[in-house]
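Chemist: If you scroll down you'll find the structure; I have some questions about it.
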Amino acid sequence: MIFGKGKKICKGETKTMKRITVRLLTIFAVLLFATATQAQNQTNPGCYTADAISTTATRVLIFTNQGSGVVNFSGSYYTTGVPTTVSVSIQTGNVLAATQTPFTKVSALTDTTGAQFTEANGGERYWYVNVATLTGGTAPTLVLSYCLRPVSVISNNQLISANSSATLAAAITDETGTGALVFATTPTLVTPVLGAATGTSIDLTSTIDVGVAGTTVGSVLMHNATSGTITLSPVTGALGTVTVSVPAATDRLVARDTTDTLTNKTLTSPTLTTPAIGVATGASLALTGASANIIVAGRQGTTDPSLKVDASAATAATGIEIVSAAAAGGVNLRAISSGAAEAITINAKGTGTIGIAPTSTGAVTITPATTITGALTPTGGVAAAGGFSASCRNFAAGGLVPAVSTDFTDATPVITETYISEVFVPANCSATGIAVFNGSNVTGNMNIGLADSTGAVIAESIDTAGSGVDAYQRIAFTVAEALVGPATYYILVQYSSATARYNSPPLGNHGAAVKVGEVFGTFTTITPPTTFTANVSNIASLY
């Protein structure tokens, strides 16, 4: 259509012409737009580049699905002019004109990862790239690159640059396995299942699984090998009995240089060098060697062990045997030796003591004749021999007893004095009180007491009236006293009347003394006498 100079038309004609011109221009624009959107339309597989797009809100028709087969699309774009805002998406619809609706957005399209979809719908459909936003920068443009291929069939010339391992796998219908396409040189295979394979070497950074789970384990064979190492690691899960056979007597199995845990293993006559053993059980343990620490047990190891066996002596041939028995049968500890007789020596360290049954309530029985070289200090005293008992009645002060009632000196007491007489107790006994040999007068009261070898008062009586001239009078302690012996004690006697008389030895070798300034009825700690003073101490016995 050519527009130029012509004759002038009237006013009415001018309005009509304008309407005609507008309609023609509209038709021209639609045809022009349709041509622009149809220019990129493709129906054959291949890779394409669309014309540069420089306007916003532009749809570019990229292909038409003719209703047969499944089509896969992949694409991306790049821009020029450095736009600040770009928004591109794939849209599909059943209409051709770009200005009509509906259109469905399939996915966004980026310039880095691209977008990919598969069209499986029947009927004719149209696929567009919609440039929704393209603003900013300097004269921005957008160039679209995309590839089409049918999914069901692919030929050699259709293996185009946009295909990946995933798209190739989608085109193949009889493949096995998943993952990436593999080529011959240094491929990475993830959990492959291999049949009967051959080769010159295999270098693994992980493990080899031999056999099939739940069945008999397979085997690893080394042929014509002069040396080498095989590391065996069990898989997770329950295993049956696994036997590792070493083909030659010169071959060996070497454990890893790490701390390993052996569970439910039977070791027959093993040789273990400095093993670290946790909680171990077994039928017997025999250790041979010439070590000062052949057995060491305890938290501190060899520094301060709880138990240590020293077998370092070259001629060592003695030891200790512990023999157990049934319940109530006792435990037997005895010496063992190649000799006919062997002693057992028990030593404490330094000035430490040796305790025998310090917490036991049972008795300690020593059967054979016993020789004690050092001093024996029986803290609990010595009981009567043979399981019998000993009476305190025979333990008299200074060992002196009257033969007749007139023996010894008839002594006069002072009411502010305490009379002290040494008495020896050779064995344990229970003392009820003291028997005093009275003199010719028994006026007033008496008070008796008992002090130990340190001078401390350990027992005493209440005030008791004198009774029996020139006779023994028994006066009881307030509480019977268990005396331990052998030990020295001191009999204490006080009088409340100076008229009274008591029998006193004029001669003796035991400790005998008088303590002045006393109060009748009250005993105080004494200084044990070591010499004899005539006619002051009492003739008295324990009972």
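Chemist: For the stretch 166-178, state whether one or more residues are over 20 Å from Thr56 (Cβ atoms), assigned to a loop (DSSP other than H, G, I, E, B), among the small types (Gly, Ala, Ser) and at pLDDT below 75.
Modeler: Scanning the stretch 166-178 turns up no residue that is over 20 Å from Thr56 (Cβ atoms), assigned to a loop (DSSP other than H, G, I, E, B), among the small types (Gly, Ala, Ser) and at pLDDT below 75.
Chemist: Check the stretch 388-396 and report whether any residue there is surrounded by 14 or more Cβ atoms within 10 Å (Cβ to Cβ) and assigned to a loop (DSSP other than H, G, I, E, B).
Modeler: yes
Chemist: Follow-up question, since we're still on this one. Would you mind telling me which numbered condition in (1) under 28 Å from Thr530 (Cβ atoms); (2) of a type outside the set (Phe, Trp, Tyr); (3) in a strand (DSSP E or B); (4) in contact (Cβ under 8 Å) with a residue 40 or more places away in the chain Asn509 fails?
Modeler: Going through the list (1) under 28 Å from Thr530 (Cβ atoms); (2) of a type outside the set (Phe, Trp, Tyr); (3) in a strand (DSSP E or B); (4) in contact (Cβ under 8 Å) with a residue 40 or more places away in the chain, Asn509 breaks only (3).
Chemist: Moving on to the next point. Got a number for residues in the stretch 445-463 being acidic (Asp, Glu) and under 25 Å from Thr412 (Cα atoms)?
Modeler: Qualifying residue count for the region: 2.
Chemist: Given Thr454, Thr432, which one is closer than 23 Å to Gly381 by Cβ, within 60 Å of the chain's Cα centre (by Cα) and modelled with pLDDT of 95 or more?
Modeler: Sole residue among the options that is closer than 23 Å to Gly381 by Cβ, within 60 Å of the chain's Cα centre (by Cα) and modelled with pLDDT of 95 or more: Thr454.
Chemist: Further, regarding this structure: Which of the following residues is surrounded by 20 or more Cβ atoms within 10 Å (Cβ to Cβ), out of contact with any Phe, Trp or Tyr (no Cβ under 6 Å at 6 or more places or on another chain) and closer than 15 Å to Thr418 by Cα: Ala512, Ala451, Ala540, Ala459?
Modeler: Sole residue among the options that is surrounded by 20 or more Cβ atoms within 10 Å (Cβ to Cβ), out of contact with any Phe, Trp or Tyr (no Cβ under 6 Å at 6 or more places or on another chain) and closer than 15 Å to Thr418 by Cα: Ala540.
Chemist: Next question. Can you pull out every residue in the stretch 504-542 that is among the aromatic types (Phe, Trp, Tyr) and under 20 Å from Ala431 (Cβ atoms)? Spell out the reasoning first.
Modeler: Of all residues in the stretch 504-542, those among the aromatic types (Phe, Trp, Tyr) come to 520, 523, 532.
Phe523, the sole residue that qualifies.
The values are calculated or read from the model by the stated rules, or taken from the named source; none is laboratory data. This one's a predicted model, so the numbers in the text were calculated from it and none came from an experiment. For neighbour counting, all protein chains shown are included, and Cβ atoms are generated from backbone atoms with ideal geometry for every residue, glycine included.
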